[in-house]
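Peer 1: Sharing a structure below in structure tokens format, with a few things to ask.
The values are calculated or read from the model by the stated rules, or taken from the named source; none is laboratory data. Everything quoted here is computed from the prediction, not taken from an experiment. Backbone-built Cβ (ideal geometry, glycine too); neighbour counts: all protein chains shown.
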Amino acid sequence: MILPFSNEYSGSVRSLVLGVLGEEGFTYDPLKDSDLEDIEASYLKKDGAFFIALENGVLGGTAAVRRTGPDTCEIRRIYVRRDLRGRGIGGALFGTVLSYAEASYARAVLKTDMSLHVAIGMYLRHGFKVVKEESMTLYLEKRFS
């Protein structure tokens, strides 16, 4: 079940995201990950959105949209617990944020690590184009008609 974020899930969201990052070999970055300290202020109060996936009442995944300009947003924080992957949760979360982005913005951007092949495939299947490669990061964008 995909739901809009509510503050009761703040701690669970932070734990899930940092846990997935750790499993993928990434560490907490105070600059990049500061949005997790106050999701409402970082997303909801800035013309963005944050969604969660619940599996049997337990947080299973996240996805977010953050405004980056007058007609542009960034899709980010697409994470699914390892034990729930392969069940379509990531695709459902991505579809939800993509629909939100398309209804609210002219363009969506995102970035991802080049090692995340499944995620990259999903982004490309949904019409994102690679616009830049830098170090081990891919930058993608999609323009809405």
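Peer 1: What's the number of the condition Gly57 fails, among (1) modelled with pLDDT of 90 or more; (2) closer than 16 Å to Phe5 by Cα?
Peer 2: (1)
Peer 1: Now for a different question. Yes or no: Leu59 in contact with a strand residue (DSSP E or B) (Cβ under 9 Å, 6 or more places away or on another chain) and either under 24 Å from Glu141 (Cα atoms) or not hydroxyl-bearing (Ser, Thr, Tyr) (or both)?
Peer 2: Taking the combined requirement at face value, the residue satisfies it.
Peer 1: Kindly indicate the residue of region 21-49 that is touching a helix residue (DSSP H, G or I) at 6+ places or on another chain (Cβ under 7 Å) and of a type outside the set (Ser, Thr, Tyr) and also surrounded by the fewest Cβ atoms within 10 Å (Cβ to Cβ) among those meeting that condition.
Peer 2: Glu23
Peer 1: Going through Ile52, Ile120 one at a time, which residue ends up being surrounded by 19 or more Cβ atoms within 10 Å (Cβ to Cβ), in contact with a Ser or Thr (Cβ under 9 Å, 6 or more places away or on another chain) and hydrophobic (A, V, I, L, M, F, W, C)?
Peer 2: Going through Ile52, Ile120 in turn, just one is surrounded by 19 or more Cβ atoms within 10 Å (Cβ to Cβ), in contact with a Ser or Thr (Cβ under 9 Å, 6 or more places away or on another chain) and hydrophobic (A, V, I, L, M, F, W, C): Ile52.
Peer 1: Which one of the conditions (1) surrounded by 12 or more Cβ atoms within 10 Å (Cβ to Cβ); (2) closer than 23 Å to Leu140 by Cβ does Leu18 fail to meet, given that it meets all the rest?
Peer 2: (2)
Peer 1: Free of Cβ contacts under 8 Å to residues at least 40 places away in the same chain, part of a strand (DSSP E or B) and under 17 Å from Arg14 (Cα atoms), is that true of Ala53? It would help to see each step written out before you state the result.
Peer 2: On the way: free of Cβ contacts under 8 Å to residues at least 40 places away in the same chain: no; part of a strand (DSSP E or B): yes; under 17 Å from Arg14 (Cα atoms): yes.
Here the answer is no, as Ala53 does not meet what is asked.
Peer 1: OK, next. When you scan region 80-119, how many residues do you find that are in a loop (DSSP other than H, G, I, E, B), closer than 24 Å to Met1 by Cβ and either touching a residue at least 24 places away in the same chain (Cβ under 8 Å) or not small (Gly, Ala, Ser) (or both)?
Peer 2: Residues flagged as in a loop (DSSP other than H, G, I, E, B), closer than 24 Å to Met1 by Cβ and either touching a residue at least 24 places away in the same chain (Cβ under 8 Å) or not small (Gly, Ala, Ser) (or both) within region 80-119 amount to 3.
Peer 1: Hey, any hits in region 105-117 for a residue that's under 20 Å from Ser34 (Cα atoms) and exposed (fewer than 12 other Cβ atoms within 10 Å of the Cβ)?
Peer 2: No, region 105-117 has no match at all.
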